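These notes concern the structure reproduced below.
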């Protein structure tokens, strides 16, 4: 609401759909306009053996970053999968 300058939901949604952001949870994040799914990169990590831990909180070794574009299904695939999975129409929520 602060970025859009209003509390009107349509304006806030359009602002969110156009935003890219980074925080401690979501890296290179965007909100997909078609279904408002939060898309963000994720890190594939491996827990270090205790012999490699050199300081507090030094527990993982990042092996690679997986971009959101490689790990997200297109919106139409998600809708079809949801109906097939549950064997009933989507509830629309």
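PRE reach from residue 45 (point 7 Å along Cα→Cβ): which of the stretch 1-36 fall under 15 Å by backbone N? So the set is 23-27. For residue 35 and residue 59, a Förster radius of 41 Å and the Cβ-Cβ distance give a FRET efficiency of 0.75, rounded to the nearest 0.05. Compared with the direct C-alpha span, the chain from residue 15 to residue 73 gains 18.6 nm at full extension, assuming 0.36 nm per residue.
Values in this text are rule-based calculations from the coordinates and carry no lab data. What you are looking at is a predicted structure, and each value in this text was computed from that prediction instead of being measured. FYI the Cβ positions are ideal-geometry reconstructions off the backbone, even for glycines, and counts take in every protein chain you see.
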